[in-house]
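Notes follow the structure.
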Amino acid sequence: MCYTKGENMENKNNSATIFVVSDSIGETGELIAKACAIQFGDVIRRIEKYPFTLNKNQVDFIVSEAKRHNALIIHTLVMIDLKNYLINKAKENEIIEIDGVAPAINAIQNMTGIEPKREAGLNRKLNAEYFKKVEAVEFAVKYDDGKDSRGITKADLVLIGISRTSKTPLSMYLAYRNIKVCNFPLVPEVTPPKELFEISNKKIIGLTNDPEALIRIRKERLKEMGVRQGNSYANFDRIFNEISYADEIFHKIGCPIINVASKAIEETASIIMSILGSFEDE
């Protein structure tokens, strides 16, 4: 931090301009500037951002503008050479500069003994990752349980299987790993959408379950719904018929099949991701 100008309070101006300099989009520096500015009412005339500052020519221009407008500089540069260049230039021109991230970075480095990455734009990359995850979750909701067969051609992964084979929870779990998942139920009385046979079978996973497990799960489901036990949904013959029908579809498509019986969602998801990874390596 450089305070080479106006150390005497009598020489202070009654208003100020803040330049925010960043090698990314400048959100962090702007938040710091605004948090400080609000403490001084209308004293701060303006806050001006200089994002994506990545070379010395840009620094030279910013420093000259700061000198012309008598502005102080708050910077969040993480590239050490460029940051030191700005600090030295500010000192030469008697401009106040404040490093907005160095105290925290240095403290964490001293505490952990780990060197910071010093890569520009990492926060922006993290934000992009976040929005990708949100997009995947919204996709899973939109194309859950066969709501729209158009999702089959748009998905990174399609899960197919009979009722109570964990299609929906798996879709949501994988969405949080940035995978766009569409799931489609297989019902003997309903012809599967043609899109299932038009996309690569490497994008499809068939889910099945043991008859005994399905009977138990479906009976509990019927109980929760207040439906009488005699419903064919939990009938052994019906379940056996559904499983056989699903097996026919799986083999016709030629997709991998996972039996979810006695498997936690995390375990099944791990198997799915391993399968997808093996296809990528081919």
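The values are calculated or read from the model by the stated rules, or taken from the named source; none is laboratory data. Given the structure is predicted, the values throughout are model-derived calculations rather than measurements. No Cβ is skipped: glycine too gets one built from the backbone with ideal geometry, and neighbour counts run over all protein chains shown.
A few points about this structure:
- When we screen 212, 280, 266, 242 for residues that are touching a Leu at 6+ places or on another chain (Cβ under 9 Å) and either over 16 Å from residue 164 (Cα atoms) or modelled with pLDDT of 90 or more (or both), the only hit is 242.
- Positions within region 162-182 being more than 21 Å from the chain's Cα centre (by Cα) and not charged (D, E, K, R), in sequence order: 162, 163, 165, 166
- In region 246-268, the residues that are in a helix (DSSP H, G or I) and either surrounded by fewer than 17 Cβ atoms within 10 Å (Cβ to Cβ) or touching a helix residue (DSSP H, G or I) at 6+ places or on another chain (Cβ under 9 Å) (or both): 247, 248, 249, 251, 252, 253, 265, 266, 267, 268
- Within region 219-236, tally of residues that are assigned to a helix (DSSP H, G or I), more than 22 Å from residue 192 (Cβ to Cβ) and either touching a strand residue (DSSP E or B) at 6+ places or on another chain (Cβ under 9 Å) or not basic (Lys, Arg) (or both): 6
Here's the yes/no breakdown for (1) surrounded by fewer than 21 Cβ atoms within 10 Å (Cβ to Cβ); (2) of a type in the set (S, T, N, Q):
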{"position": "61", "(1), (2)": "yes, no"}
{"position": "64", "(1), (2)": "yes, yes"}
{"position": "75", "(1), (2)": "no, no"}
{"position": "84", "(1), (2)": "yes, yes"}
{"position": "87", "(1), (2)": "yes, no"}
{"position": "107", "(1), (2)": "yes, no"}
{"position": "111", "(1), (2)": "yes, no"}
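- Of all residues in region 15-28 being modelled with pLDDT of 90 or more and not hydrophobic (A, V, I, L, M, F, W, C), the one that is surrounded by the most Cβ atoms within 10 Å (Cβ to Cβ): 22
- Filter pass, residue 216 being assigned by TED's automatic domain parsing to the domain that holds residue 151, assigned to a loop (DSSP other than H, G, I, E, B) and surrounded by fewer than 16 Cβ atoms within 10 Å (Cβ to Cβ): no
- For residue 136, the criteria (1) assigned to a helix (DSSP H, G or I); (2) touching a Lys or Arg at 6+ places or on another chain (Cβ under 6 Å); (3) at pLDDT 95 or above; (4) hydrophobic (A, V, I, L, M, F, W, C) hold in every case but one, which is (3).
- Complete set of residues in region 44-84 that are in contact with a strand residue (DSSP E or B) (Cβ under 6 Å, 6 or more places away or on another chain) and assigned to a loop (DSSP other than H, G, I, E, B): 53, 69
- Single residue of 178, 209 found to be closer than 30 Å to residue 128 by Cβ and either surrounded by fewer than 16 Cβ atoms within 10 Å (Cβ to Cβ) or not aliphatic (A, V, I, L, M) (or both): 178
- Some residue of region 216-230 being touching a residue at least 40 places away in the same chain (Cβ under 8 Å) and in contact with an Asp or Glu (Cβ under 7 Å, 6 or more places away or on another chain): no
- Of all the numbered requirements in (1) of a type in the set (Val, Ile, Thr); (2) under 19 Å from residue 153 (Cα atoms); (3) at pLDDT below 95, residue 217 misses one, and that requirement is (2).
- Residue 118 vs. criteria surrounded by fewer than 21 Cβ atoms within 10 Å (Cβ to Cβ), under 29 Å from residue 241 (Cα atoms) and without any contact (Cβ under 8 Å) to a residue 60 or more places away in the chain: no
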